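A short write-up of the structure that comes next.
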Ligand SMILES: [Zn+2]
C-alpha cells in the first residue's frame, strides 16, 4: 500500500505554508505512477501558493517494487552522517516486514526482494535507473571508484555525490550533485564498456566489492563517509 499524510511545511522563500501529501510508503507495483514521478523528479515537489516557488520534501519512506525485486528504505540526505545506524534500522525494518516473523506470503515476497537503504532523492532514483538498465549496483559503485581514479579534479565535498542518471546501450551518464537540493555541479558521460570491464573482472575488484556489498547501504559513500564519531 502507498501511504500519505497531509502535513504543512514552511516555504523557505516567503515563510508561507505549503500543504504536502507527505509519503510514508510507496508500493510501485500498485502505483507505477509514483515510480514514474520519482524518475521524472516531480514526486513530493510542490509550489508555494504565496510566492510560486517550488520546494521538495526530503524523502523518508519505504519503497517496494516486488515486480522488479526492489525494497528500499529511503532516508533524507541529511541522514548520511549516521548511515551505519540507519542501515541497521533498514535491516530491522526489512526483517519485520519480510523476515521470520512475517506472514508466509510476505516471506515469499521477501526472498525475491533486494533490500537497500539510500539517502536523498538522487540516490533513490539512481537505484531505479540502475535496476531498469540491468546493472548491478555493487558493480556500478566500483565503476564510480574507477572513474574517480581517472579524474584529476573532482568536486568531492560533503554532501556532493556522483549519481547515475541515465543508461543507454552504449553510454552511462552521471552527475555530480548536491544531495540536499539536487543542484547539479557537473555531468559526465562514460562508455558503458567501462562498467562491462569492471563486471568482467570480479576477482580484480573483490577488495572493493566486499566492503561495498557488506550491508544494505550499497554506495561508495560507505567507503568515503566515515561514520559519525569515527571522523
Ligand atoms: Zn513561498
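The values are calculated or read from the model by the stated rules, or taken from the named source; none is laboratory data. A quick note: this is a predicted structure, and the numbers were derived from the prediction, not measured. So basically every Cβ, Gly included, is an ideal-geometry build from the backbone, and we count neighbours across all protein chains shown.
Considering (1) outside any loop (DSSP other than H, G, I, E, B); (2) at pLDDT 95 or above, the lone condition that residue 59 does not fulfil carries the number (1).
Within the range 12-28, residues that are touching a residue at least 24 places away in the same chain (Cβ under 8 Å) and more than 17 Å from residue 64 (Cα to Cα) sit with their Cβ atoms under 6 Å from residues that are in a strand (DSSP E or B) and away from the ligand (no atom under 13 Å from the Cβ), at 6+ positions apart or across chains, in these pairs: 20/7.
Cβ-Cβ contacts under 9 Å between residues 6 or more apart (or on different chains), taken from a first residue in the range 187-203 that is more than 15 Å from residue 134 (Cα to Cα) to a second residue that is in a loop (DSSP other than H, G, I, E, B) and modelled with pLDDT under 95, are listed as 188/151.
Among residues of the range 79-107 that are farther than 18 Å from residue 214 by Cα, those with a Cβ under 6 angstrom from a residue that is crowded, with 17+ Cβ neighbours inside 10 Å and at pLDDT 95 or above, sequence gap 6+ or separate chain, pair up as 79/86; 79/119; 98/110; 106/98.
Looking across the range 1-60, the residues that are under 17 Å from residue 124 (Cβ atoms) and within 16 Å of the ligand (Cβ to nearest atom) come down to 45, 56, 57.
Comparison of 223, 212 shows that the only residue that is within 28 Å of residue 89 (Cβ to Cβ) and surrounded by fewer than 19 Cβ atoms within 10 Å (Cβ to Cβ) is 223.
Among 124, 172, 128, which is the only one that is under 28 Å from residue 27 (Cα atoms) and in a strand (DSSP E or B)? Outline the logic, then answer.
On the way: 124 fails: in a strand (DSSP E or B); 128 fails: in a strand (DSSP E or B).
When all the criteria are applied, what remains is 172.
Filtering the range 55-102 to residues that are under 21 Å from residue 159 (Cα atoms) and over 18 Å from the mean Cα position of the chain (by Cα) leaves only 55.
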